Amino acid sequence: MTSDTPTSPAAPDGPGPAPEHGVSRKTLLRAAVAAGAAVPLIATGSIALARDAARTSAGRTLPPTPFCDDGDDPTPDQMEGPYFKPNSPLRTDLVPAGAPGTRLTVSGYVFGRNCVPLSGVLLDFWQADDAGAYDMAGYRFRGHQFTGATGAFTLRTIVPGLYPGRTRHIHVKAQAPGEPVLTTQLYFPGEPRNSTDALFDPALLMNVRGAGGGKEATFDFVLDVDGGPGPDPTDPPTEPPGGTWTTGRAYTAGDRVTYGGSAYLCLQAHTSMAGWEPPHVPALWRREP
Ligand SMILES: [Fe+2]
């Protein structure tokens, strides 16, 4: 999506019980894999949601345990905007030393459509600093990471500042191995500008709460992919390698390989794996002329 024109009408975030409170179906996908628990996939492919339930204060009636079994809608896409830069550093903490701002930790999981947590998903975040400015010269408040075996991610950053014309938001690109890139934005509940920003989508609201002097937020992505167990390392490759690219190798930005008769330039440091063949991951490899 290249247009600067908002692609969705202004979403109402005033009336109605759900959006600003952040209790969307996506929120209900939050799995009980917090605290290092095993991924609680049930035989039906459902995921019991213990994390939110555990936060319910004592004495309140717990709601029925929700399940992720209804083919939840994938996380909607949003325009990239003018401030994305490739080649962000591999890091989970985006805050430069001494940078002002309210500390924010965003954590969550990445799921496929069928609620299976997705590991190895590339998450590339970028946002404005406390003053609402994007660093176009360097990489302040930019960084990418990969989900772990449970599909979990944690981002350490600050609450982004406001800039003219937009409500508060964090940009992100998410890409499961060998799958298309999802470009979207995450929003904060209770922001006055949510009701006037035509890009705002309540489906992209994080849950945010105060934590000490900072904030903690959660958000779970649902990518429009099958979310199967992933490529079996014993499976033969889907394409003959026919080049210098190999799996299990640590590539750094600037490395050059060949694959399938074409040359590719590495854009971001990563360790290669099956499913991340250069033609499949444009975030990692750029085809050279
Ligand atoms: Fe932005």
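No lab work stands behind these numbers, since they all come straight from the coordinates. Just so you know, these numbers come straight off a predicted model, no measurement behind them. No Cβ is skipped: glycine too gets one built from the backbone with ideal geometry, and neighbour counts run over all protein chains shown.
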Percent of C-alpha pairs per 5 Å bin, segment 70-222, short to long: 2, 9, 19, 24, 23, 14, 7, 2, 0
Chain lengthening between THR246 and ARG156 when straightened (0.36 nm per residue, less Cα-Cα): 29.2 nm
Estimated inter-spin distance, ALA99 and ARG256, nm [label 7 Å along Cα→Cβ]: 3.3
Mean Cα-pair separation over length for segment 132-218, i.e. relative contact order, pairs under 8 Å, 6 or more apart, %: 19
Spin-label proximity, ALA269 to segment 137-153 - amide N less than 16 Å from point 7 Å beyond Cα toward beta carbon: 139-140, 142-146
Label-to-label distance, nm, for residues given as ASP135 and ALA211 (7 Å Cα→Cβ offset): 2.2
